[in-house]
1. If the viscosity is 0.692 mPa s and the temperature 37 °C, what translational diffusion coefficient in µm²/s does Stokes-Einstein give for segment 208-280 when Rh comes from Kirkwood over Cα pairs?
2. Using the basic label-point model (7 angstrom from Cα toward the beta carbon), what is the S115 to Q338 distance in nanometres?
3. For the pair K302/R345, report the inter-label distance in nm, with labels modelled 7 Å from Cα in the Cβ direction.
4. Where the only charges are on Cβ atoms (+1 Lys, Arg; -1 Asp, Glu), what is the dipole of the chain about its Cα centre, to the nearest 20 debye?
5. Note the listed values [x] 21.2; [y] 20.6; [z] 22.3, then indicate which one is Kirkwood radius over Cα pairs in Å calculated from this particular structure.
6. Roughly how many whole Å is it from the C-alpha centroid of segment 318-337 to that of segment 112-176?
7. Can you bin segment 281-398 into rounded, prolate or oblate? Criterion: square roots of the alpha carbon gyration tensor eigenvalues sorted a ≥ b ≥ c, rounded for a/c under 1.5, prolate for a/b above b/c, oblate for the rest.
8. Please identify, among A173, A113, A383, the residue showing maximal mean-square fluctuation in a Gaussian network model of the chain using a 10 angstrom Cα cutoff.
Amino acid sequence: MAFSGKRFLVTTAVLALLVSGSPATAAPGPGWVGTWAAAPSSAVPGSDQGYANHSMRNIVHTSIGGSQARVRLSNAFGTAPVLFGRVTLALAAGPDTPAAVPGSMRVLTFGGATSVTAPAGADLVSDPVALTVPADGDLLVTTFTPEPSGPVTHHSMAMQHSYFSRDGDHAAAESGAAFTEQTGSWHYVSAVDVRGTAARGSVVALGDSITDGWNAGMNTNLRWPDQLADRLNSRFGVLNAGISGNRVLLDGGPLGVNAQSRLDRDVLAAAGVRTVIVFQGINDILQEPRQRDARKIIEGLKQIAQRANARGLRVLGGTIAPIKGIWGFTEELDAPRQEVNRFLRNNPYFDGLVDFDAALRDGPDPLRMAPAYDSGDHLHPNAAGFRAMAAAVPLSAL
């Protein structure tokens, strides 16, 4: 799903069609569906005074298209209000660029106002804006914060370059010339929703670094949720709620609050969500203090399933992938993983199974990830492994 060499073969004429809608002519769609999301993971270290006079241009990749859009901003980890002096949305002009397609820039409003203050810990949703959003394309979400604030909420590991400027309000600039610095995180923005789409709803992937896309490659959009979106071909939006290092049971500081605590914000509040794929537990086993009692992880997974079911969502449980070969591996260390997987394969708490373990394991040595899928650390798959994971999701279960 990358722009770079894979599918960004969009001509100027096509780009003109994408931005041809205007606020006066855009027709309202049937309802809001998420096209992109990133779970806020923590506050940026050392950002206690906020990003005064900064313009942050986030590059985000869509799963589905639509005729209208809205943006969600997050001050989840802020300890003080943050003033957004201007927020904009535009189509990216090309691969890995802060430049916008001419004519696509939209200034967002919040309750009709072009500036808005997010209280500490709060999220904000913009008013709708008319923009023909493409499926499998890049958008630019830019925030200008004119004043000091508290710590800056971000998604730390984006596997995507974004850009920023420290010298004033460039949020509405179509040119990327002012955005001379680069970051590997998404700042403030946590979701983009579309309306006027044929998609039937959204699928949320709740996970850790494997879902977050570690080792998928920068700016490639080859995380397994991205490749699942390829398979779905706009039938559902796919939203990535992975946070690197995240656990089911314990908070991890910069690695995010535990999955049970963030479920409401990162999953249940997602626009149009119908199905949740839960793929977590390995960090509970591997991180200190290590959780050797699989029953506690299982109880946490049950809670996630029950709470999502109570909201009318389907929940699929993902088995934990093989880890043999990582530093310090023993069969005793691996035992809780296998116990969690046995539970997931034989339980009434989930509406279906995604057997990531079976999809990734090596035939001759099933405790190990197949070499063709291993990024080299024996824990995270490579792009081919992410493709195998996406292929393991039973589309009929969604």
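1. Working: Rh = 13.1 Å.
The Stokes-Einstein estimate is 251 µm²/s.
2. Placing both labels 7 Å along Cα→Cβ, they lie 6.2 nm apart.
3. Those two pseudo-labels are separated by 2.1 nm.
4. Details: 32 positive and 34 negative charges, 205 e Å.
Roughly 980 debye for the chain.
5. Comparing each candidate, only [x] matches the computed number.
6. Centre-to-centre (Cα) distance: 39 Å.
7. Numbers: a/c = 2.18, a/b = 1.26, b/c = 1.73.
Note, shape of segment 281-398 comes out oblate.
8. A113
Every read-out reported here was derived from the displayed coordinates using simple, explicitly stated rules and does not represent laboratory data. Quick caveat: nothing in here was measured; it's all calculated off a predicted structure. Note that each Cβ is placed from the backbone with ideal geometry, even for glycine, and that neighbours are counted across all protein chains shown.
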